[in-house]
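> Attaching a single structure in structure tokens format; questions to follow.
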Amino acid sequence: AVHNANIQYVVTATTARTPAQELAAYLDDRRGKGYSVSDGMGPLTTAWRAAAQQTTSVTAIAADATTVLYNDTGNNIGVGGSANAAFGSVVDFISAMSNNGSTEPAKRFYKYARPYRWSSNVVVVPALVPAKSSTPTTDGGFTSGHSAEATRDTVAMAYAVPERFQEILTRGLELGENRILAGMHSPLDVISGRMQGQAVVAANLVDPANATKKAAAVAQAHATLMAQTSTSSDTFNAFAHSATVATDRFADYATNKANYLRRMTYSFAPIAATTAPAVVPKGAEALLETRLPYLSDVQRRVVLKTTALASGYPVMDDAEGWGRLNLFAAADGYGVFTGNVVVVMDANQGGFSAMDSWRNDISGAGKLLKQGSGTLKLTGNNSWTGGTELNAGVLEADSVSALGKGDVYVSGGTLVSNATGATTVSGKYTQLANTTLELDLGSGQQGRFTATGVITIAGGTLRIKFQNGYKPAVGDTLNIITAASFKGKFTSIVVDGFSATPIYTDTGLQLRLGA
């Protein structure tokens, strides 16, 4: 049944293929995979290709369908070594991450035929028909070499430029799907390519021989790309996401997330239990070193475990755990707090150590303890029950349930309420002196603050900002904080553009605005 579904998927995909999909499949087949996937860099693509000195000679489908298949005279990932002083270390790093990555042993072992050999209803891209091998016994489809190479290249690129982590990984899986649309591979072929590619890069990342090489690549990638885009460490991430879908087809987060998840399983139904605990492969935590630099290796392994796909899917329940890894979800932080989670972010280190967002819906019985000077934003529909403690830096609630289901205790730093509705504390809220509660107010309940339990204010600052064009008038009374019971007072209250008179009640706080 799995085999039949595997081949039927290719039949359906190739018979419904659009001209745009045919061109994309053709280009991803014929040109260097490293060149193809670099457009996943979005606004950084031009700078990346220029710095790497990447070239290709394949830009369109030839009018003559008998053109020799592999005739790209370009240089794939670019120019490495001393011949490219500004970016050679990056190119060398990407190349090194493919060490021992050949898929030929698997193809020769499994001898799983190409989909067009299983079914004459598979429609190979006409211009790729000359690529059909005349020796089926040495032309297996499992594992897809294109898919594995694209995964290796994109995982390495994501490591070097984690600001485009999810986008570039999405591009790698897109190339895998284009192998299906080309009629050259089946879903199981490209799924295994993803698995093999991730495993190979992880093995190379943890190889001590590559320690200096990977650090040099990350540093050089950022220095060169910032120089070429006139950005700094403070503006680089914003620039990397500054385009719209009109010029960056990976600009929409929700679309990327949906496509990545779909391409992980290609709609196969589970064939085994779906509740088996995930296994995190040896060394897999290295894949997140630059994306979650403020976490320890142990914490990164927990992130991978709590964001892994469910068990039971064909091929993906390998013993080591590569099949179930969801690197896209892992880039969004924890999926479950299985115990207390201490996050220490140092803003002085810049990048994600200075500011990051966790976009997963986090459950579990653990507690979140935010420490360090950096900013952590929480955007998910969170339900962990162990509570939240802010000791330093900034913790920003960007959804009404961002702070989970437990008590919230602020002993240092700034807690920001920036949800589209009222940020809800499902329990008690306590704020000590020398701390700040910032409410970023908009229309309706946006940015307001509420607790189902007691709010206790032992001093500190209340900071009110306005956003999205919302601007109250002098004389307005804002109902900003509500609780089952309200105790204490803020030491100071600062409101942008207004003076404010606090009105404390037994169940909350209102502000009357003055000039």
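> Per the helix-only calculation at 222 nm, which mean residue ellipticity applies to the chain, given -39500 (n - 2.57) for every DSSP H run of n ≥ 4 and division by its residues, nearest 500 deg cm²/dmol?
Values: 15 runs with 162 residues, N = 515.
Computed ellipticity for the chain at 222 nm equals -9500 deg cm²/dmol.
> What is the stretch 78-203 by shape, rounded, prolate or oblate, if you read a ≥ b ≥ c off the alpha carbon gyration tensor as root eigenvalues and call it rounded for a/c under 1.5, prolate for a/b larger than b/c, and oblate otherwise?
Details: a/c = 2.11, a/b = 1.96, b/c = 1.07.
Verdict is prolate for the stretch 78-203.
> Quick check: net charge around G488, other residues with Cβ under 14 Å of its Cβ, Lys/Arg +1 and Asp/Glu -1?
Numbers: positive: K428, K487, K489; negative: D506.
Residues close to G488 contribute a combined charge of +2.
> How much length is gained on full extension from D297 to E320, taking 0.36 nm per residue of separation minus their Cα-Cα distance?
Gain in length upon complete extension: 6.5 nm.
> Taking every DSSP beta bridge that has both residues in the stretch 334-514, what percent is antiparallel when rounded to the nearest 5? Before the final figure, lay out each step's value.
Numbers: 13 of 68 bridges.
Beta bridges within the stretch 334-514, antiparallel portion: roughly 20 percent.
> Give me the percent of DSSP beta bridges within the chain that run antiparallel, rounded to the nearest 5.
20
> Simple spin-label model, 7 Å along Cα-to-Cβ: R117 to S133 in nm?
Output for this residue pair reads 0.7 nm.
> Could you check the spin-label model distance between A85 and A50? Points 7 Å from the Cα along Cα→Cβ, value in nm.
Inter-label distance under the simple model: 1.8 nm.
> Cα centroid distance between the stretch 294-309 and the stretch 234-283, in Å?
Comparing the Cα centres of the stretch 294-309 and the stretch 234-283, I get a distance of 16 Å.
> Sticking with this structure for a sec: Under 1.5 on a/c is rounded, so check that first for the stretch 203-278, then, if it is not, pick prolate when a/b is larger than b/c and oblate when it is not; a ≥ b ≥ c are the square roots of the alpha carbon gyration tensor eigenvalues.
It is oblate, given that a/c is not under 1.5 and a/b is not larger than b/c.
> If you don't mind, there's one more thing I want to ask. More than 22 angstrom separation, counting every C-alpha pair in the stretch 1-124; what % is that?
Percentage above 22 Å: 53.
> Among the chymotrypsin sites (Phe, Trp or Tyr not before Pro) in the stretch 1-104, which ones are in a DSSP loop with at most 15 other Cβ atoms within 10 Å of the Cβ? Mind listing them? Provide the component values of the computation, followed by the final result.
Details: sites: Y9, Y26, Y35, W48, Y70, F87, F93; in loops: Y70, F87.
Here the sparse-neighbourhood loop sites are Y70.
> With no solvent and one point per C-alpha, what does the Debye sum give as log10 I(q)/I(0) for the chain at q = 0.06, 0.08 Å⁻¹?
-0.34, -0.58
> Let me ask something additional. Taking the 0 to 90 degree range and rounding to the nearest ten, how far is the long axis of helix 187-205 tilted relative to the main principal axis of the chain, both from C-alpha atoms?
It is inclined by approximately 70 degrees.
> So if we plug the beta-carbon distance of N99 and S383 into 1/(1 + (r/R0)^6) with R0 = 35 Å, what FRET efficiency do we get, rounded to 0.05?
Given R0 = 35 Å and the Cβ-Cβ separation, E is 0.25.
> Moving on to the next point. Rank these for me by crowding, S133, S36, S357, going from fewest to most other beta carbons within 10 Å.
With the fewest neighbours first, S133, S36, S357 line up as S133, S357, S36.
> Please label the shape of the stretch 390-435 as rounded, prolate or oblate, based on the square roots a ≥ b ≥ c of the eigenvalues of the alpha-carbon gyration tensor (a/c under 1.5 means rounded; beyond that, a/b larger than b/c means prolate, else oblate).
Note, shape of the stretch 390-435 comes out oblate.
> OK, next. Got a sec? Charge dipole of the stretch 2-271, +1 on Cβ for Lys and Arg, -1 for Asp and Glu; which of T247, I168, A106 is way out at the positive end?
A106
> Hand me the tally of lysine pairs in the stretch 2-271: alpha carbons under 25 angstrom apart, and the pair either on different chains or 8 or more positions apart.
For the stretch 2-271, qualifying lysine pairs total 8.
Throughout, read-outs are computed from the coordinates displayed, never taken from laboratory work. What you see is a predicted model, and the numbers here were worked out from it, not measured in a lab. Don't worry about glycine lacking a Cβ; one is built from the backbone with ideal geometry, like all the others, and counts go over all protein chains shown.
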